[in-house]
Amino acid sequence: MKRLFIFTTMLLAFTVCKGQTNPLPGFILTLEGDTVRGTIDYRSDSHNASVCKFQKAGETTFHDYHPEDITCYRIDDNGAYYVSIVLPLQGKDQRLFALYLLQGGVDLYYVKHNGLNYYYVIGENGEVAEICDYERSGLSTEDALTLRRQNLSAAGSIFSKDFDTVHKLWKGKNNAHNLTELVRDYNEKYCATAGECIIYQYDEAKTAPFTNKWFLEIGGGFSSMKLLRDNNDISLPSSIYLNGPTLYLALCNDVTFGRVSKKFDLQTIFRANFFHVSKDKHKAVYLYPEILIGPKYKFSSNDKYTPFIRAGLTFNCFLGIHDEKELDSYVLHKHGFLERLFGYYGGLGIDIHTEKRDYRLSANFNSFSFYSGSYFVTIGLGMSL
């Protein structure tokens, strides 16, 4: 069982590394003005600013397109919209793909470069202002504040019609959410162009780097514990096996890193197990809290069902209550601290999707440690929160 678990975990990790694509339907606009539909491999913000990996409909190979090669690329269903544009990045004009956060009378773009977030405000007359989170740049506090003042002074001149907007710009945090709200409100108040003042606004949820979902699970099953004698009293058996029912209550968090692989989630499960075990004259009640961390692989699904398998490590603490003095001479682990702390688990199940929430049916195998012969098998039901 131990070898099977290690093999499964290694296989899951290998598949994660191989599955570093995030194909989404979309299109590119050529320099000649032609729209070409296909699939975009939507990666990290830094990657997306420098290259578009695009597979034309009907083809099997992705090709790299740089800002000099196309006018823009865009994810379907009003998704992420990148345009090829020349912007003053770190004091030097560069052509790159900038993400439209908002398109209107005043436009707002976003670029990630060398780990820093750059925002560009472009006024109705073409004025350009760069806003960067220089606090994370490694510069001294004084230099970072100087650059911030320069940035915000240029941006403030674009919003000079409205004192409240300039005040919010200086006092608020300069992140994507706040700047988008600020530019949107300004456009709606002072838009001088004909037609709609807000042509496009980026919906981060559609292309977020990760999403998470919480599940509450409850279940039960069977447990088998091998208790080991912890002293030199040879009148006692060297080990005792106790078997019995188990119940558990768990809170599970599934994190999907959509830009790496939509097939894999990283699961973190906070779980409390209750055991009532016995053998002949021996009986005991145990509480076994644990944290389980590992990958969850999702098979091809439809709108209603998603089958999955999961495996990983457990971090645990074993607490016991019993009335027998003889059991004081027995422990679950004897190999030291690491054995007491680490175990492993594996399981399979299916998520059932409805309009209001998701439901989960799962079967799980848990080993108390890599050395112990103790384990428990459970079946559980869950629902999303």
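Values quoted throughout were computed directly from the atomic coordinates according to the rules given, and no laboratory measurement underlies them. Quick caveat, the model's predicted, so the values are computed rather than measured. Heads up, the Cβs are rebuilt from the backbone with ideal geometry, glycines too, and the neighbour counts pull from every protein chain shown.
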Expressed in nanometres to one decimal, the distance between label points 7 Å along Cα→Cβ at A57 and K304 is 2.9
Distance in nm between Y200 and L251 label points, each 7 Å along Cα→Cβ, equals 4.0
Net charge (Lys, Arg +1; Asp, Glu -1) of residues whose beta-carbon lies under 11 Å from that of K189, K189 excluded, is -2
Expressed in nanometres to one decimal, the distance between label points 7 Å along Cα→Cβ at K262 and S153 is 4.8
Expected unfolding gain across L145-V377 under the 0.36 nm per residue rule, minus the alpha-carbon gap, is 77.7 nm
The local net charge around N212, scoring Lys/Arg +1 and Asp/Glu -1 for residues other than N212 whose Cβ lies under 11 Å from its Cβ, equals -1
Length gained if K213 through H47 is fully extended, taking 0.36 nm per residue and subtracting the Cα-Cα distance, is 57.1 nm
